[in-house]
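Visitor: Got a structure for you, written out below as structure tokens; questions coming shortly.
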Amino acid sequence: MTPQEKLSQLNEVGQEIHEAITFENGKLTWQLQVGHPNEEGSVSGCFNTHLVDFVIELQQHYQSIMPCRENALVITKLEEARLWLEKRKMDREKRGVLQTDKA
């Protein structure tokens, strides 16, 4: 696979994770969610969880072509971070404060 094909493939991965993530010619761009998703006037975009998901995919790509212990550790830690973000979301949902400014 040529470098250009790899970049194109990674852009497709970004778009699958969230439409607000693009990775073209080695340049990562994203639009973050501004305001609450159901709020009038909010700007639609991705959340930090989407960015972590993309970096996991990117690191897995690197691991597939340059496998090493360090890449595996990075993937593990990113997956751990993703789990903590999901736990936070579930906790906020359980308390009825998800998508609010309440702690």
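Visitor: In the stretch 13-34, what residues are outside any strand (DSSP E or B) and either at pLDDT below 80 or hydroxyl-bearing (Ser, Thr, Tyr) (or both)?
Guide: Selection gives VAL13, GLY14, GLN15, ASN25, GLY26.
Visitor: For the list (1) more than 22 Å from LEU10 (Cβ to Cβ); (2) in contact with a helix residue (DSSP H, G or I) (Cβ under 7 Å, 6 or more places away or on another chain), I need the number of the one condition that ASP101 fails.
Guide: Of the numbered conditions (1) more than 22 Å from LEU10 (Cβ to Cβ); (2) in contact with a helix residue (DSSP H, G or I) (Cβ under 7 Å, 6 or more places away or on another chain), the odd one out for ASP101 is (2).
Visitor: Something else now. Can you name the residue in the stretch 38-59 that is free of Cβ contacts under 8 Å to residues at least 24 places away in the same chain and among the β-branched types (Val, Ile, Thr) and is also farthest from TRP84 (Cα to Cα) among such residues?
Guide: VAL43
One line per residue, one yes/no per condition, for (1) in a helix (DSSP H, G or I); (2) at pLDDT below 95:
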site: GLN59; (1), (2): yes, yes
site: GLN63; (1), (2): yes, yes
site: GLU70; (1), (2): yes, no
site: THR76; (1), (2): yes, no
site: GLU80; (1), (2): yes, no
site: LEU85; (1), (2): yes, no
site: LYS89; (1), (2): yes, yes
site: GLU93; (1), (2): yes, yes
site: VAL97; (1), (2): no, yes
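The values are calculated or read from the model by the stated rules, or taken from the named source; none is laboratory data. Small disclaimer: the values here were computed from a predicted structure and weren't measured. Neighbour counts run over all protein chains shown; Cβ positions are idealised from the backbone, glycine included.
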